[in-house]
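Undergrad: Pasting a structure here, questions to come.
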């Protein structure tokens, strides 16, 4: 019987050891894979600094909590009265004392270890607070109340509050543990007659309560400074921060008085060590509570009711001025230039303004938020490629001038892979391929984008560059590359091409320990034993630009829209990143997640809302980051060289952020003002554009960001990038623009633009054109309503919607022009068998004149009339092409007659806005012209060439090229 028993014990022991080892390796795998990833991107210092900081805080504060609680339990046990002195109540607890007696040491260790672990884990989560406190640099600005540097509120005060909270937790747990120990061992009695506590227990607990009250005194003192960063709702704005009249004249002296009372009360508790009575401490504590109610609560309410409310503007004005100044500085809007703007032009002859339109703005009729399906249909090439839902707007130089360009990457789309399996999804289909770009201000005669970079491999104006895209916004899964298994590169007429990754990115999998760790971390055992992994194999993950920048710089807040650019022969993702704090005194707070939401973030997943939902009251676009689409290399560049928050983090993580001087000229040409920062600033400027306290308090100048007029979502209109010039500018600059309407109304109150072109002297300059309140200028929603209500336009839109067609409105662009406002809106049609939108019409309005035409030039001509540079109008019926000529050859003539019939059918369909019939007519015309060319070529070969041959072949380029009008 003994032998099986030993075998069972051995088996169980072995299984237990294996289970422990498996658990240990699982925990190790997470740590090891993180370390390998950070090392692969050359940011191992971020991993080690963060790790050691967390470990240090865990052990220091965990040990402090354990020692505090353990010491007080031990002390209470040592102060227990002798057994003979215990009452009957305590003698009834004998069985509990007897039960725990053999385990006292283990129980003490267990309790202290548990509270230590909880406290240590909580403290480890404060690693950011610790690093900011220990590395904090001064702001060089002082708050107006206490004359302390802003760094005290941003870096010091949060750490002091954490220490205070930790102290309160340690004392409260110690009091509870000590009281239970005293009760268990007779130092405290609940039901027995006579003295309820021994002198030792009284002294011990009094000292602990005294420490608690002393900490409360410290809390009252810190609360004085906390008033400068206290949030409250105040009349003209929510999330007001800073002292008001009642704070400075009631709460501040109340906190000082309560501090003094708490100090006295604490001393009374400490005195019980000698007096052995709680009479005076209890009286003192009651006085402190009563004072907190009367001085800290009732008195401020009286001041607010009888001093502030009867004369609020006069009382609050000095504090409002402080809030105005601090808020404008904290959000970088203090340099905003507000200019009065008429909103209506005084020019009677609008033809004089026709030529000024192109000088004022390069009007972008290609909406990046609509034409992605068009890019997809025309340039996807393979099902396993896809474009983002929203494309991006950038500038590229052509013939010495910058052009607004709509750009997107042909990224990997695993959903389009026909055969889904582990090898295909992770080894063969690993990357996208190529950039596709189109001019923002042009379309071809059929309403399609005019591509400047297209096809597969991509060719065009961008020259030679590495086209493979291993890192992108749509790349969310891992890939294993560089090993024995070849990857699908791209396909062309000659067949499928393969490649093998040669970049520096990724983590090496040739090491069996690494393979085992990733097999556990990714819950994929095939990684451990698959033959597709061998020498040179690397695993790529964390592949979206946002994820990579967040990982290497966890102290940054990342903009919701990364955008690609071709820089020095590489595709680089450009990511804007922010430093924030909620400790800027007197500056009002905002919630980034709410402020950066608009109609695009509400409907599309690739343009995400800023993830942070906590409130901040200071923000800077302090870092520009790049992610190489091929290697995944991440670079952080210091952008705001004066930002003290960034300087603090650069001290904490040295050598992670490169100086601004390292930004190349090629990269600088593609940097732009970030949208999320602009949206935060426009939200603040809806109230903080005023500079005097009286107007701010009255609320008469409060604006709002209008809803998107092109849809019925009710969400805020997104800002738009546009090359334009404001009235005080001499030439166009790449700008980010938006509009404001009065609070609760739809007419226009202001137009806002920021110079978004990095590397220029005007970059970041915010200009606001403020319209007079005495006149009414139509806002975006009213302009859209006018478009929809005009009979001719409504009828045309009804025709465009004929059949199964859908009408989609593009961005409603606003351009200041000669004192008035020019509105331009492209209109797209998706239908007639097409699955993608094409530009069919352009809406234009200015000074009460509205046009709805096939092209932008036609619409501008209708509104303004012909300018001096405009071409003469074509003859009636000749706006597309000359009818095909005739021929003496019967075969050629029959083909030309068919072409003429197709041409006439196309013109008729065009007049009736029947796009389906028009498309069929175009196909018939092309086929007839092809037959005419073939017949004429045959006639030439048989000796009947000459004049007929010339006339027959000439229609092909002229008629086919111009048969489709700009609207088609």
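Per-residue answers, yes or no, for (1) in contact (Cβ under 8 Å) with a residue 24 or more places away in the chain; (2) more than 20 Å from residue 698 (Cβ to Cβ); (3) outside the structural domain of residue 146 (by TED's automatic domain parsing); (4) surrounded by fewer than 19 Cβ atoms within 10 Å (Cβ to Cβ):
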residue	(1), (2), (3), (4)
249	yes, yes, yes, yes
262	yes, yes, yes, no
267	yes, yes, yes, yes
281	yes, yes, yes, no
285	yes, yes, yes, no
290	no, yes, yes, yes
293	no, yes, yes, yes
316	yes, no, yes, no
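Undergrad: I want to confirm something. Restricting to the stretch 213-233 and keeping residues that are without any contact (Cβ under 8 Å) to a residue 24 or more places away in the chain and part of a strand (DSSP E or B), which single residue is surrounded by the fewest Cβ atoms within 10 Å (Cβ to Cβ)?
TA: Here the residue is 233.
Undergrad: OK, next. Just to be sure, is residue 736 in contact with a helix residue (DSSP H, G or I) (Cβ under 8 Å, 6 or more places away or on another chain), part of a strand (DSSP E or B) and touching a residue at least 60 places away in the same chain (Cβ under 8 Å)?
TA: Answer is yes for this residue.
Undergrad: For the stretch 318-360, which residues satisfy the criterion of being closer than 19 Å to residue 698 by Cα and crowded, with 19+ Cβ neighbours inside 10 Å?
TA: Listed by number, the residues that qualify are 319, 320, 322, 323, 324, 327, 328.
Undergrad: Among the numbered criteria (1) in contact (Cβ under 8 Å) with a residue 60 or more places away in the chain; (2) not in a strand (DSSP E or B), which single criterion is violated by residue 636?
TA: (2)
Undergrad: Follow-up question, since we're still on this one. Name the residues in the stretch 706-731 that are assigned to a loop (DSSP other than H, G, I, E, B), within 28 Å of the chain's Cα centre (by Cα) and touching a residue at least 40 places away in the same chain (Cβ under 8 Å), would you?
TA: Passing the criteria: 706, 708, 709, 710, 711, 713, 715, 717, 718, 719, 725, 726.
Undergrad: Among the residues of the stretch 147-158, is there at least one that is part of a helix (DSSP H, G or I), within 25 Å of residue 288 (Cβ to Cβ) and in contact with a helix residue (DSSP H, G or I) (Cβ under 7 Å, 6 or more places away or on another chain)?
TA: yes
Undergrad: At least 1 residues that are under 23 Å from residue 721 (Cβ atoms) and out of contact with any helix residue (DSSP H, G or I) (no Cβ under 7 Å at 6 or more places or on another chain) in each: list the strands (runs of 3 or more DSSP E) lying fully within the stretch 812-853 that qualify.
TA: Fully inside the stretch 812-853 and qualifying: 813-817, 820-830, 838-846.
Undergrad: Given the residues 414, 456, which is the only one that is under 22 Å from residue 473 (Cα atoms), under 26 Å from the mean Cα position of the chain (by Cα), surrounded by fewer than 21 Cβ atoms within 10 Å (Cβ to Cβ) and touching a residue at least 40 places away in the same chain (Cβ under 8 Å)?
TA: 414
Undergrad: For the stretch 49-59, name all the residues that are surrounded by 14 or more Cβ atoms within 10 Å (Cβ to Cβ) and in contact (Cβ under 8 Å) with a residue 24 or more places away in the chain.
TA: 49, 50, 53, 54, 57, 58, 59
Undergrad: For the stretch 476-502, give me each residue that is surrounded by 18 or more Cβ atoms within 10 Å (Cβ to Cβ) and in contact with a helix residue (DSSP H, G or I) (Cβ under 9 Å, 6 or more places away or on another chain).
TA: Listed by number, the residues that qualify are 478, 479, 480, 481, 483, 485, 487, 488.
Undergrad: I need the full set of residues from the stretch 233-279 which are under 37 Å from the mean Cα position of the chain (by Cα), over 17 Å from residue 222 (Cα atoms) and modelled with pLDDT of 80 or more, in order please.
TA: Selection gives 239, 240, 244, 245.
Undergrad: If you go through the stretch 521-556, how many residues are under 32 Å from the mean Cα position of the chain (by Cα) and in a helix (DSSP H, G or I)?
TA: Selection size over the stretch 521-556: 9.
Undergrad: Restricting the search to the stretch 479-490, which residues are assigned to a loop (DSSP other than H, G, I, E, B) and out of contact with any strand residue (DSSP E or B) (no Cβ under 6 Å at 6 or more places or on another chain)?
TA: Once the filter is applied, which keeps residues that are assigned to a loop (DSSP other than H, G, I, E, B) and out of contact with any strand residue (DSSP E or B) (no Cβ under 6 Å at 6 or more places or on another chain), the stretch 479-490 yields 483, 484, 485.
Undergrad: Can you report the number of residues in the stretch 295-308 which are modelled with pLDDT of 85 or more and surrounded by fewer than 15 Cβ atoms within 10 Å (Cβ to Cβ)?
TA: Looking only at that region, the number is 5.
Undergrad: OK, next. Examine the stretch 754-767 for a residue that is closer than 16 Å to residue 340 by Cα and at pLDDT 90 or above, and state whether such a residue exists.
TA: Looking for residues that are closer than 16 Å to residue 340 by Cα and at pLDDT 90 or above, one finds at least one in the stretch 754-767, hence yes.
The values are calculated or read from the model by the stated rules, or taken from the named source; none is laboratory data. These numbers come from a predicted model, not from an experiment. Counting neighbours? That spans all protein chains shown, and the Cβs are built from the backbone with ideal geometry, glycine included.
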